[in-house]
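Contents: one structure, followed by commentary.
The values are calculated or read from the model by the stated rules, or taken from the named source; none is laboratory data. From a predicted model like this one, the values you see are computed outputs, not experimental measurements. A quick note on method: Cβ atoms are made from the backbone with ideal geometry, for glycine too, and the neighbour counts reach across all protein chains shown.
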Amino acid sequence: MRADPPDPGKLLPIAVPPSRRVSLVWSATGLSAIATAMNDRLTLRRPDDWHLHLRDGAMLAGVLPETARHFARAIIMPNLVPPVVTAADAEAYRDRIVAALPAGARFEPLMTLYLTETTDPADVRRAAANAIVRAVKLYPAGATTNSASGVRDLTRVLPVLETMAEIGLPLCVHGEVTDSEVDIFDREAVFLDRVLAPLRDSLPDLRVVMEHVTTGEGIAYVRGEPAATMGATITAHHLIIDRNHILVGGIKPHYYCLPVAKRAIHRAALIDAATSGDPRFFLGTDSAPHTDALKEAACGCAGCFTATNALSCLAEVFDRAGSLDRLEGFASLHGPAFYRLPANEETVTLVRGAPVAYPPKIDTGDGPVTLFDPGFPLHWHVEESTSR
Ligand code: NCD
Ligand code: ZN
């Protein structure tokens, strides 16, 4: 049976990515497409970054403005040398970050403690009660940059974890085993079985964030857990690169980070999770600056620097997935909900237009830091920040 043509002038939305969405108008001459300018603008509550490395000193001063320009808050990783271990360390580091902010910037650092086998549960309890820290970070010893002071034996930190479960303070985990016999591409999946699942069985009330999840196995695990106690951050760069980007045609040190990017099939699982609207998944850029001298070396440091273009990268990924309507959830709503904080009242507006020209590097007092290159043009740029 043939459907009657709709009333003249009636708008028929069609299922295409919102930025390219057109409205079809039935007129005397048939269907015609009218592009709606609104679809090239996207206003979101101001995003937060739930996993960020800011470093210290000259590097901090160089990279902080890049994050503060677009993000309202960030969970600040504690892997300095020496690490941020006590509440007093976190307070002092927070003060250094605030002092390094550009004049007029409104940015709130949310501090974390680096869990060690000598961390004092009473210190953690006090720091959480005073809102000095918002999470504790578990680095398996040796897993990544500056993780030598990390945990070797989880039973030794059980009193701290029990305290955190009691007070609702999230544990952010770097989810990779470090055993030398485990292939680097399998270290996340093995961590789920050997460490995360047993930990959650023994402390089901502990609120855990699987940081920078990179595998389909990680996504499936998180999806199977309650949203009240299990979340995961996803970086912008893991939505864009797979391991071919690092290795094919010559080694690309600026794509090397930890956990290392996996096969394309895993990247597809990450995109699916990020764009699904599932509140367990939220943005943590893991923007991790290292100078070019340290990246472009015989033994190059792990970390991608994305603070400057993370939002443009994300908008492009969500646009291509036809899910721009879910970007606000991922970048601005799910993270605060997990951390039991209000969403930001301010907004940012992304505008689609000619490709944005980001500088290939930023200068810091420590030396140049190369910005993540997504390998495709970025059409969405961040226009403005306004009150809502
Ligand atoms: C981070 C860094 O450089 O501090 N590097 C990285 O590759 N992501 C550490 C980390 O988060 O693993
Ligand atoms: Zn990190």
If you go through 311, 327, the only one that is away from ligand 2 (no atom under 16 Å from the Cβ) and in contact with a strand residue (DSSP E or B) (Cβ under 6 Å, 6 or more places away or on another chain) is 311
Filtering the range 107-150 down to residues that are outside any loop (DSSP other than H, G, I, E, B), at pLDDT 95 or above and either within 12 Å of ligand 1 (Cβ to nearest atom) or under 17 Å from the mean Cα position of the chain (by Cα) (or both) yields 108, 109, 110, 111, 112, 114, 134, 135, 136, 137, 138
Filter the range 263-287 for residues that are assigned to a loop (DSSP other than H, G, I, E, B) and of a type in the set (Lys, Arg); the one that is nearest to residue 233 (Cα to Cα) is 280
Taking the range 180-201 and the residues there that are assigned to a helix (DSSP H, G or I) and without any contact (Cβ under 8 Å) to a residue 12 or more places away in the chain, the one that is surrounded by the most Cβ atoms within 10 Å (Cβ to Cβ) would be 186
**Asked** Before we move on, is residue 171 in the same structural domain as residue 115 (by TED's automatic domain parsing), farther than 19 Å from residue 243 by Cα and touching a Gly at 6+ places or on another chain (Cβ under 8 Å)?
**Response** no
Scan the range 118-127 and give yes if some residue there is assigned by TED's automatic domain parsing to the domain that holds residue 345, surrounded by 20 or more Cβ atoms within 10 Å (Cβ to Cβ) and more than 23 Å from residue 141 (Cβ to Cβ), otherwise no.
no
Output for Cβ contacts, cut-off 6 Å, separation at least six or different chains, first residue in a loop (DSSP other than H, G, I, E, B) in the range 251-262, second within 14 Å of ligand 2 (Cβ to nearest atom) and among the polar types (S, T, N, Q), reads 258/144; 259/214; 262/214
In the range 87-139, residues that are in contact with a Lys or Arg (Cβ under 8 Å, 6 or more places away or on another chain) and within 16 Å of ligand 2 (Cβ to nearest atom) total 7
Those residues of the range 343-375 which are closer than 29 Å to residue 231 by Cβ and touching a helix residue (DSSP H, G or I) at 6+ places or on another chain (Cβ under 6 Å) amount to 343, 350, 372, 374
Checked pairs for the range 295-312, first in a loop (DSSP other than H, G, I, E, B), second modelled with pLDDT under 95 and within 15 Å of ligand 2 (Cβ to nearest atom), C-beta under 7 Å and 6 or more apart or across chains, list as 301/145; 302/144; 302/145; 303/145
Considering the range 72-86, residues that are more than 18 Å from residue 117 (Cβ to Cβ) and more than 16 Å from ligand 2 (Cβ to nearest atom), and then whichever is nearest to the chain's Cα centre (by Cα), we arrive at 73
A careful count of residues in the range 236-250 that are within 19 Å of residue 209 (Cα to Cα) and either in contact with a Lys or Arg (Cβ under 8 Å, 6 or more places away or on another chain) or in a loop (DSSP other than H, G, I, E, B) (or both) gives 3
Checked pairs for the range 130-157, first without any contact (Cβ under 8 Å) to a residue 12 or more places away in the chain and under 16 Å from residue 184 (Cα atoms), second in a loop (DSSP other than H, G, I, E, B) and within 15 Å of ligand 2 (Cβ to nearest atom), C-beta under 6 Å and 6 or more apart or across chains, list as none
task = Please verify whether the range 204-215 includes one or more residues that are more than 13 Å from ligand 2 (Cβ to nearest atom), under 16 Å from the mean Cα position of the chain (by Cα) and of a type in the set (Ser, Thr, Tyr).
result = yes
